[in-house]
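What follows is calculated from the coordinates using simple rules that are stated; it is not laboratory data. Fair warning: this is a prediction, and the values are worked out from it, not measured in the lab. Cβ: placed from backbone, ideal geometry, glycine included. Neighbour counts: every protein chain shown.
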Amino acid sequence: MVELVSNVANVDDGDVTVVLLRGVEAQEIKRIGEFCSRIDVKYLKKAIENRKYEGKSKQSLVLDDGVKKIILVGMPDEINKAEMLELGAVIASKLKKDFSATIFMPKNAADYAGDLALGMELALYSFDKYMTKKKDEDFNKLEKVCLIIEKGEVDMKKMAEAKALAIGVRYARDLGNEPANYLTPKVLADDIKRLEYLGLEVEIIPAKKLKEKGFNLLLEVGKASVNEPCVVVAKWMGDKKRKDFDLVLVGKGVTHDAGGTNIKTANNLLDMKMDMSGAGAVAAVLKVLALEKKKINVAAVLGLVENVLAGNAYKPDDVIVSGSGQTIEVINTDAEGRLVLADCLWYAGEKLQAKKIVDVATLTGVTAYVFDGEFAAVLGNDEKLNHDLIMAGKNSGEKLWELPMDETYRKMLKSNIADMKNLGGKMAGASTAAEFLNNFVKEGITWAHLDIAGCEVVHENKNLTPKGATGFGVRLLHEYIKKFI
Ligand code: BES
Ligand code: ZN
Ligand code: ZN
């Protein structure tokens, strides 16, 4: 993590100077000369002319004479959150090998200093703990950034929010990137338990207690693995005067999805260590709330389990009885996420008296195909909740698109032998999955389901997300909580 300081008068002259400018007109250069005394205006003018630098949106120019390093970066034409996040990423990409930098920012962007800082943090993330051959010089070096705003102060509250969010997203990415041979359900639960140092309350329900607590379906999914399942119930009680929850989050935490008896093919097995990304995002959001000491109460129910194949694995044609009493005909053991979530949703309603639930899961392949990671799907029983989540998606840059729930899809789950099947057939896979979940949401609860399949990972380096786990959902849910709760 980068240490961020702001408006420090005597900044060390030895570090890199980053200047954000609006074009290269004479007036703009004059402004920079007045604002940033460490820059020689004549030198700057000449360098800009020689290099034909135009100062266009996010265009950068690195001036490095071996003694002093100056980086010019064009301000975006429109100053908004998304652009400032991207700008942060551009700046970070130029500073990877430097230890410290001072960024001079024009006054009209002051409100977005936090977004710039967050953009830098997200771009600088890397997961290299298993890279034994990586040399010292290959690691990101940036440790300290000083942000100076022209005739203004940095809003330290916004900066603290950016920092907490960066920590949260990085935590979710770390969990997603961790291989499943290390990150078993127990290891993941223990890791979340460690967040108690921030004031979270974390209860781990171990495998031997799951039956009595009604997690029958989760036990079925997990019974073939030597890495036993467990459930994490975590609480952030920021408003101590109340005992009820403003929101209960539910997360799919399948630490590896091999498909079980319906075993996946080679290509489909790849990335299935990240089938716990819903649970990871939820745990990370709680971490952010705790870091910010937010005055709200949020609970999380995370079903942690491995879906693998062994002699005692659950099978297609099996009928299983859920803790809610409803019976399920297993059609496909690779449709395990909805079974895990079903128990968690039921628990949230029965035991936590949830009034509002949002679940997060890498649930269906079809969502990944349809949106290719650009959007996650939102489905649910309340128009306003869906709408609020979509708005939070727009604001945070983690976008959602609504898919329908309907009686027709519900009917596709009819079984000849049990109350329902765990698969609706070939068609409308995201909607039938949500209809399945709806059976386990207690009457009267406002509920939305986020199918984030495809959003949890990127295979190309992007500005804000290097290859690997994205931590999708953390910024979205945080924005939703901030604006709508
Ligand atoms: N974990 C997968 C869904 C998934 C697929 C997430 C691709 C991320 C990327 C889920 O458990 C699953 O296997 N779903 C199958 C069910 C089907 C085979 C019955 C699917 O949707 O393809
Ligand atoms: Zn599966
Ligand atoms: Zn899965």
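Straight-line reach from Lys426: which lysines have a Cα under 18 Å away, not including same-chain ones fewer than 8 places off?
By straight Cα distance, Lys426 reaches Lys264, Lys411, Lys414.
Modelled label-to-label distance, Thr408 and Asp155, 7 Å Cα→beta-carbon offset: nm?
Simple spin-label model gives 4.6 nm for this pair.
About its Cα centre, how strong a charge dipole does the chain have in debye, to the nearest 20, once Lys and Arg get +1 and Asp and Glu get -1 at the Cβ? Display every interim value, and only then the final one.
Working: 69 positive and 71 negative charges, 160 e Å.
So the dipole magnitude of the chain works out to roughly 760 debye.
Express the C-alpha Rg of the chain as a ratio against the empirical globular expectation 2.2 N^0.38 Å, rounded to two decimals. It would help to have the intermediate numbers written out before the result.
Working: Rg = 24.6 Å, N = 485, 2.2 N^0.38 = 23.1 Å.
Its radius of gyration relative to the 2.2 N^0.38 Å reference: 1.07.
How far is the Cα center of the range 192-248 from the Cα center of the range 80-115, in Å?
38 Å
Report for the range 207-343 the percent antiparallel among DSSP-assigned beta bridges with both residues inside it, nearest 5. Each step should come with its number before you reach the end.
Details: 11 of 21 bridges.
The answer is about 50 percent antiparallel.
Can you give the net charge of the other residues whose Cβ lies under 9 Å from the Cβ of Val378, counting K and R as +1 and D and E as -1?
Residues near Val378 contribute -2 overall.
Each label point is 7 Å from the Cα along the Cα-to-Cβ direction; what then is the distance between the points at Asn50 and Lys351, in nm?
About 6.9 nm, to one decimal.
Multiplying the sequence separation of Glu25 and Thr265 by 0.36 nm and subtracting their Cα-Cα distance, what value in nm do you get? If you can, show how the numbers build up before the last one.
Working: separation 240, 0.36 × 240 = 86.40 nm, distance 5.90 nm.
Gain on stretching Glu25 to Thr265: 80.5 nm.
Using a simple spin-label model with points 7 Å from Cα along the Cα→Cβ vector, what separation in nm is obtained for Glu143 and Asn108?
Each label point lies 7 Å from its Cα, and together they span 3.7 nm.
In whole Hz, what ³J(HN,Hα) sequence does the range 215-222 give by Karplus (6.51, -1.76, 1.60; θ = phi - 60°), x for Gly and Pro?
Whole-Hz 3J(HN,Hα) from phi for the range 215-222: 8, 5, 5, 4, 5, 4, 4, x.
Using a/c under 1.5 as the rounded threshold, could you call the range 153-228 rounded, prolate or oblate? The axes a ≥ b ≥ c are square roots of the C-alpha gyration tensor eigenvalues, and prolate needs a/b larger than b/c, oblate otherwise. All intermediate terms of the calculation are to be shown ahead of the outcome.
Values: a/c = 3.46, a/b = 2.17, b/c = 1.59.
It is prolate, given that a/c is not under 1.5 and a/b is the larger ratio.
Just for the chain, what percent of DSSP beta bridges are antiparallel, to the closest 5? Could you put the intermediate results ahead of the total?
Numbers: 27 of 71 bridges.
That works out to approximately 40 percent antiparallel.
Over the range 377-485, calculate the relative contact order: mean separation of alpha carbon pairs under 8 Å at least 6 apart, over the residue count, as a percent.
34 percent
List the residues, sorted by chain then number, that are 5 or more residues from Ser6 or on another chain and whose placed amide H is less than 5 Å from its amide H.
Those lying under 5 Å, H to H, from Ser6 are Leu147.
With the cut-off at 31 Å, tell me which of the pairs Lys252/Lys384; Lys240/Lys467; Lys134/Lys208; Lys107/Lys482; Lys81/Lys287 have Cα atoms farther apart than that. If you can, show how the numbers build up before the last one.
Working: Lys252/Lys384 24 Å; Lys240/Lys467 40 Å; Lys134/Lys208 42 Å; Lys107/Lys482 25 Å; Lys81/Lys287 23 Å.
Pairs exceeding 31 Å: Lys240/Lys467; Lys134/Lys208.
Please compute the contact order of the chain in relative form: average sequence separation of alpha-carbon pairs under 8 Å and at least six residues apart, divided by the residue count, as a percent. Don't skip to the answer; put the middle values down first.
Values: 1092 pairs, mean separation 71.9, N = 485.
Once normalised by length, the contact order is 15 percent.
Could I get the Rg over Rh figure for the range 223-352? Both from C-alpha atoms, Rh via Kirkwood, rounded to two places. Show your work: numbers first, answer last.
Working: Rg = 16.5 Å, Rh = 15.8 Å.
Dividing the radius of gyration by the Kirkwood radius yields 1.04.
Residue separation times 0.36 nm, minus the C-alpha to C-alpha distance between Asp128 and Glu383: what's the value?
Numbers: separation 255, 0.36 × 255 = 91.80 nm, distance 4.22 nm.
Using 0.36 nm per residue and subtracting the Cα-Cα distance, I get 87.6 nm.
Order these peptides, 196-208, 241-253, by their mean beta-carbon neighbour count within 10 angstrom, highest first.
Values: 196-208: 14.8, 241-253: 22.3.
The most tightly packed comes first, giving 241-253, 196-208.
Run the helix sum for the chain: -39,500 (n - 2.57) per DSSP H stretch of 4+ residues, divided by residue count, reported at 222 nm to the nearest 500 deg cm²/dmol.
Numbers: 16 runs with 169 residues, N = 485.
Mean residue ellipticity, 222 nm, calculated: -10500 deg cm²/dmol.
Within the range 96-139, list the trypsin sites (Lys or Arg not before Pro) lying in a DSSP loop whose Cβ has at most 13 other Cβ atoms in a 10 Å radius. Working shown, then result.
Details: sites: Lys96, Lys97, Lys107, Lys129, Lys133, Lys134, Lys135; in loops: Lys96, Lys97, Lys129, Lys133, Lys134, Lys135.
Here the sparse-neighbourhood loop sites are Lys97, Lys129, Lys133, Lys134, Lys135.
In whole Hz and in residue order, list the ³J(HN,Hα) couplings for the range 110-127 that follow from phi through the Karplus curve 6.51 cos²θ - 1.76 cosθ + 1.60, θ = phi - 60°; x for Gly and Pro.
3, 5, 10, 4, x, 5, 4, 5, 5, x, 5, 4, 5, 6, 7, 5, 8, 10
Can you give the local net charge around Glu203? Use residues other than it whose beta-carbon is closer than 12 angstrom to its beta-carbon, Lys and Arg +1, Asp and Glu -1. Numbers along the way, then the final one.
Values: positive: Lys193, Lys209, Lys213, Lys235, Lys351; negative: Glu196, Glu201.
That works out to +3.
How long are the semi-axes of the ellipsoid equivalent to the range 425-479, from square roots of 5 times the Cα gyration tensor eigenvalues, in whole Å, largest first? Could the numbers behind the result be given before it?
On the way: eigenvalues 166, 56, 8 Å².
In descending order, the three semi-axes are 29, 17, 6 Å.
For Val360, list long-range residues whose amide hydrogen, built 1.01 Å from N in the peptide plane, is under 5 Å from its own amide hydrogen.
Val250, Gly251, Lys252, Leu450
Around His387, with a cut-off of 13 angstrom between Cβ atoms, what is the net charge of the other residues, counting Lys and Arg +1 and Asp and Glu -1? Walk me through the numbers on the way to the answer.
Values: positive: Lys384, Lys394, Lys483; negative: Asp382, Glu383, Asp388, Glu402.
Taking every Cβ under 13 Å from that of His387, the sum is -1.
Which of the peptides 430-441, 25-36 is most tightly packed, and how do the rest follow, going by the mean number of other Cβ atoms within 10 Å of each residue?
On the way: 430-441: 24.7, 25-36: 14.0.
For the peptides 430-441, 25-36, the packing ranking is 430-441, 25-36.
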